[in-house]
1. Considering only helices (runs of 4 or more DSSP H) fully contained in the stretch 125-219, which possess at least 2 residues that are under 23 Å from residue 15 (Cα atoms), among the β-branched types (Val, Ile, Thr) and more than 19 Å from the chain's Cα centre (by Cα)?
2. Inside the stretch 221-242, can you point out the residues that are open to solvent by 10 Å² or more (accessible area, probe 1.4 Å), touching a Leu at 6+ places or on another chain (Cβ under 8 Å) and not in a loop (DSSP other than H, G, I, E, B)?
3. Tell me yes or no: at least one residue of the stretch 239-259 is aliphatic (A, V, I, L, M) and either in contact with a His (Cβ under 7 Å, 6 or more places away or on another chain) or closer than 30 Å to residue 74 by Cβ (or both).
4. For residues in the stretch 166-183 being in contact (Cβ under 8 Å) with a residue 12 or more places away in the chain and closer than 18 Å to residue 135 by Cα, which is nearest to the ligand (Cβ to nearest atom)?
5. Give the residues of the stretch 180-193 that are surrounded by 12 or more Cβ atoms within 10 Å (Cβ to Cβ) and out of contact with any Pro (no Cβ under 9 Å at 6 or more places or on another chain), sorted by residue number.
6. Just need a number here: residues in the stretch 26-49 that are outside any loop (DSSP other than H, G, I, E, B), of a type outside the set (Val, Ile, Thr) and either under 16 Å from residue 152 (Cα atoms) or within 13 Å of the ligand (Cβ to nearest atom) (or both).
7. Inspect all residues belonging to the stretch 55-77 and state whether any of them is more than 16 Å from the ligand (Cβ to nearest atom), in contact (Cβ under 8 Å) with a residue 24 or more places away in the chain and crowded, with 19+ Cβ neighbours inside 10 Å.
8. Select from the stretch 1-25 the residues that are in a helix (DSSP H, G or I) and of a type outside the set (A, V, I, L, M) and list them in ascending order.
Amino acid sequence: MIIFKDPHKIRQHLESLQKKGLKIGYVPTMGALHPGHISLVNQCRQTCDVTLCSIFVNPVQFNNSEDFKNYPSTLESDILLLEESGCDLLFLPGETDIYPDSSFRNKHYELGNLEQVLEGKFRPGHFQGVCLVVERLLTILQPDDLFLGQKDFQQCKVISLLLHTMGRPPRLHVCPIVRETDGLAMSSRNLRLNPEERALAPQIFKNLTFLKEHLREGNLTQLQKEAVSRLETLGFKVEYLELCNTENLDPLNRWSPGLHGVILVAAFIGKIRLIDNLLL
Ligand code: AMP
């Protein structure tokens, strides 16, 4: 695996590969890699000639400075994992490579309702920061294909919208959520759970599964309230647990078979905020 820090050098290298007709697939990450990230690398390797990964913890997408300060960093083991998984290129930019001056941070994206609901509502400015970094990374790297995880369902919707505004966007692949054997969605933030919190964490997925299995035609409000109350009784602080339309994330108030729905949840265990979702 070749590691690049300089955006100009990696651009030159990628251009020479693309001139040879090789298809570049790209997996953006914030590091602290786990098998969920590696599943994206594997999907990329199966689809493209060259697999490119980046690690950059983007300060502008953190609406909470503590969360940014405490974001786990495991660079040495990340590099080993990527090498083992057959990743070809790793881009490790510094903050000034991504944001050379303040003008790069000032753009505003029209995301409509997508940034008013769910993550958008509870993390103001988060998706603006996500769009800034993704547009910068895509402008530098210009990959043919882009691999994202369904774990960040709303982020996939936002980035898909962003891609529609770009000149030569990569083809988007959304990869399934990888879970621990007890159902907990793998996440870099799981590293920060203490043993008791870790033991409780799988209840999030258990609740989503319970809800899915008990869906019946008609009003969903009662079912949703019960799910929130079950989690809160166990000690979670639930920010949202909502059933939404998969296309635009509008709330689904009634259920009928054939609808394309998704249940999305964000909940704190102690100080750690976890998100998950389940397609219906
Ligand atoms: P992050 O490093 O958290 O920014 O994640 C980088 C990419 O990996 C994003 O596209 C995530 O959606 C994806 N990802 C994170 N966790 C998982 C998981 N458990 N399963 C599949 N993809 C994941």
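1. On the way: elements: 126-141, 153-164, 195-200, 203-213.
Output list reads 126-141.
2. Passing the criteria: 223, 224, 228, 234, 238, 240, 242.
3. Initially, the stretch 239-259 is screened for residues aliphatic (A, V, I, L, M), giving 241, 243, 249, 252, 259.
If we keep only those that are either in contact with a His (Cβ under 7 Å, 6 or more places away or on another chain) or closer than 30 Å to residue 74 by Cβ (or both) as well, we get none.
The answer is no, given that none of the residues of the stretch 239-259 is aliphatic (A, V, I, L, M) and either in contact with a His (Cβ under 7 Å, 6 or more places away or on another chain) or closer than 30 Å to residue 74 by Cβ (or both).
4. First, the residues of the stretch 166-183 that are in contact (Cβ under 8 Å) with a residue 12 or more places away in the chain: 166, 168-180, 182-183.
Among the residues that remain, those that are also closer than 18 Å to residue 135 by Cα are: 166, 168-174.
Details: 166: 18, 168: 21, 169: 16, 170: 13, 171: 15, 172: 11, 173: 10, 174: 9 Å.
Once the filter is applied, the top-ranked residue is 174.
5. Kept after step one, since they are surrounded by 12 or more Cβ atoms within 10 Å (Cβ to Cβ), are these residues of the stretch 180-193: 180, 182-193.
Matches in the stretch 180-193: 185, 187, 190, 193.
6. 10
7. For the stretch 55-77, residues more than 16 Å from the ligand (Cβ to nearest atom), in contact (Cβ under 8 Å) with a residue 24 or more places away in the chain and crowded, with 19+ Cβ neighbours inside 10 Å: absent.
8. Going residue by residue through the stretch 1-25, those that are in a helix (DSSP H, G or I) are 7-19.
Result: 7, 8, 9, 11, 12, 13, 15, 16, 18, 19.
The values are calculated or read from the model by the stated rules, or taken from the named source; none is laboratory data. Just so you know, these numbers come straight off a predicted model, no measurement behind them. Every residue, glycine as well, gets a Cβ built from its backbone with ideal geometry; the counts of neighbours run over all protein chains shown. Each accessible area value is taken on the protein alone, full model and side chains, heavy atoms only, with ligands, DNA and RNA left out. Shrake-Rupley method; radii C 1.70, N 1.55, O 1.52, S 1.80 Å.
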